[in-house]
Protein chains: 2
Amino acid sequence: MANLAVFDPRHNQILAALPGRDYTRLEHDLERVALVPGALLHAAGDPLKFVYFPTTAIIALILANDSGASAELAMIGRDGLVGIPLVLGGVNTRFAIMVQSGGEACRLSAELMCRERDEGGNLQRLSLRYAQALMTQMAYSIVCNRHHLVDRQLCRWLLSSLDLLPGNQVDVTQEMIARMLGVRREAVTEAAGKLQSAGLIQYRRGHITVNDRAGLEARACECYRAVREEYEHLFGAQAASKCSSINCTLETPRNSLIPSR
Amino acid sequence: MANLAVFDPRHNQILAALPGRDYTRLEHDLERVALVPGALLHAAGDPLKFVYFPTTAIIALILANDSGASAELAMIGRDGLVGIPLVLGGVNTRFAIMVQSGGEACRLSAELMCRERDEGGNLQRLSLRYAQALMTQMAYSIVCNRHHLVDRQLCRWLLSSLDLLPGNQVDVTQEMIARMLGVRREAVTEAAGKLQSAGLIQYRRGHITVNDRAGLEARACECYRAVREEYEHLFGAQAASKCSSINCTLETPRNSLIPSR
DNA sequence: GCCTTTGCGTGCGCCGTCGCACAGATCCAT
DNA sequence: ATGGATCTGTGCGACGGCGCACGCAAAGGC
């Protein structure tokens with residue numbers, strides 16, 4: 001599914017943002033893979049073997065604790081890359097990596113990614129920036145999980161998915177959404193019911209169609225907008241990406257900061 | 001308070017892990033600061049002016065949304081550094097940075113940190129590793145917020161604090177803990193009451209003394225242990241820190257991964 | 001077309017947390 | 001020592017989410 005007529009790794013925005021020279025150097029090392037929904041790309045605790053650059057697929061980072069409780073940490077699509085621990089110098093990750101929405105991706109071997117990291121080139125620079133976006137995404141999930149009602153969280157989740165998909169349809173079961181949000185399946189049924197009655201969405205067995213995106217946005221918690229803005233802020237102003245030192249003024253310390261005696 | 005007879009920046013473990021040559025290069029740029037509890041080191045959204053390396057202080061990253069709801073994202077003490085966005089190539093952060101427990105820290109100007117980053121030396125390498133630890137901390141907070149009861153979360157929080165403090169006492173009000181955990185103050189009163197009845201802790205107006213650490217650990221959710229293990233895994237095996245490529249085997253893809261047609 | 005599988009709808013009691021209100025206790029400054 | 005500010009204890013109703021159980025409906029294989 002989602003098999004574009006011409007497959008182009010540069011549908012992935014990280015690869016797209018890579019200067020031409022860097023890209024051509026890596027191009028033939030990128031392996032194209034099709035990802036089926038529900039597939040486990042990486043089991044928690046194992047060493048990472050690849051870094052994935054989704055083009056049409058959506059991938060979820062999931063953390064499950066010993067008691068079986070779990071939650072989605074982040075959703076990664078054509079906007080980013082999967083395998084940040086390699087970028088940060090780690091080898092394995094406690095997160096499980098699952099295909100949330102089927103599609104395609106490119107992957108690069110962990111070995112090559114490590115080399116890229118050690119050389120500190122543009123791929124590494126962009127990846128670090130995405131790591132920051134990921135942290136923001138996770139941070140808002142913390143607050144969101146704590147304070148927001150399920151139906152608002154569902155709005156956020158749907159919008160995030162939609163942003164990474166071509167059309168206005170999300171193919172996913174309520175059971176799956178429940179696992180992602182870390183709530184009961186029934187809670188999703190109820191929340192989705194509300195959204196459907198409100199005319200925002202429409203669904204049938206594993207397919208949700210969004211009719212009123214603006215309505216969803218209005219109903220979603222601010223977390224959605226905030227995460228999106230952060231991403232755009234990080235990747236929109238590419239101009240200032242070379243070194244952000246421009247803004248690193250050396251002002252004196254501010255409120256409540258007392259110099260050591 | 002906590003004014004050690006000899007102040008040594010290398011009580012901070014990141015600085016301590018820095019090879020001697022790198023440290024002496026930076027040494028005179030490190031500014032010693034005393035941090036008073038409750039002080040706001042950085043307001044959400046502002047550009048970061050410094051990177052902090054706590055030696056005895058504990059610093060909290062906090063995210064508050066528009067509605068005033070907030071939660072602690074991470075707790076950083078002598079084990080790490082504050083200001084990861086600079087390390088990742090960003091300039092500002094949406095997180096508020098607050099002193100959770102008074103003490104001292106060293107700081108480095110954002111300008112210098114940017115330079116370190118661009119040169120990609122050992123400080124940058126260690127900082128990235130800590131960024132990974134931070135992500136793990138945040139990830140477990142997501143699951144923890146979703147699934148664990150307040151008193152177990154309180155155990156976790158107390159243990160994390162204790163690990164960054166010299167004695168067995170945490171100086172903090174229940175009001176403060178509540179803000180960190182993102183729950184009501186009364187919920188903390190109740191949870192703390194349970195722990196006190198169980199003989200694990202003992203408290204009086206802003207001071208909690210831990211009597212039975214093992215008991216707390218038994219009662220805490222696995223999140224505590226997991227985060228701690230991850231940290232030790234990242235920083236214990238310093239030997240393998242040069243390049244983790246050793247483990248980057250090139251095995252063939254595994255389960256449910258279907259090659260592109 | 002049938003039948004099995006899988007996903008969805010609904011009702012119920014339970015419980016943890018919330019929000020609010022107010023009283024009591026402890027600390028600290030003057 | 002005393003008063004004021006701050007922190008802590010407690011009670012109450014409301015409610016969102018959980019866990020369970022069961023019935024139904026829609027898809028898909030043969």
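Each reported figure results from applying straightforward, stated rules to the coordinates on display, with no laboratory input. The structure presented is a predicted model; accordingly, all values stated were derived computationally and were not measured. Positions of Cβ are backbone-derived with ideal geometry, glycine not excepted, and every protein chain shown enters the neighbour counts.
When the dipole is taken about the Cα centre of segment B:93-186, and only Lys, Arg (+1) and Asp, Glu (-1) are charged at their Cβ, what size is it in debye, to the nearest 20?
Numbers: 12 positive and 10 negative charges, 74 e Å.
It works out to roughly 360 debye.
Take every pair of alpha-carbon atoms less than 8 Å apart whose residues are at least six positions apart; their mean separation over the length of segment A:15-141 yields a relative contact order of 35 percent. For A:K194, the aspartates and glutamates whose Cα falls under 12 Å of its own Cα, not counting residues fewer than eight places away in the same chain, are A:D151. When +1 charges are put on Lys and Arg Cβ atoms and -1 charges on Asp and Glu Cβ atoms, the dipole computed for segment A:142-237 relative to its Cα centre reaches about 300 debye. Label sites at A:E190 and A:E232, each approximated as a point 7 angstrom past Cα along Cα to Cβ, lie 3.4 nm apart. Other residues whose C-beta falls under 12 angstrom from the C-beta of A:G103 contribute a net charge of 0, scoring Lys and Arg +1 and Asp and Glu -1. Amide hydrogen proximity for B:E104: with H placed 1.01 Å from N in the peptide plane, the residues at 5 or more positions away or on another chain lying under 5 Å are B:L35, B:T55, B:T56, B:A57.
With 0.36 nm allotted per residue and the present C-alpha distance subtracted, the A:R213-A:D46 stretch has 56.3 nm of extension available.
Once you reduce segment B:95-166 and segment A:182-207 to the center of their Cα atoms, the two points are 37 Å from each other. Based on C-alpha pairs under 8 angstrom that are at least 6 apart in sequence, chain B has a relative contact order of 19 percent.
The mean sequence distance of close C-alpha pairs (under 8 Å, at least 6 residues apart), as a share of the length of segment A:31-90, puts its relative contact order at 33 percent.
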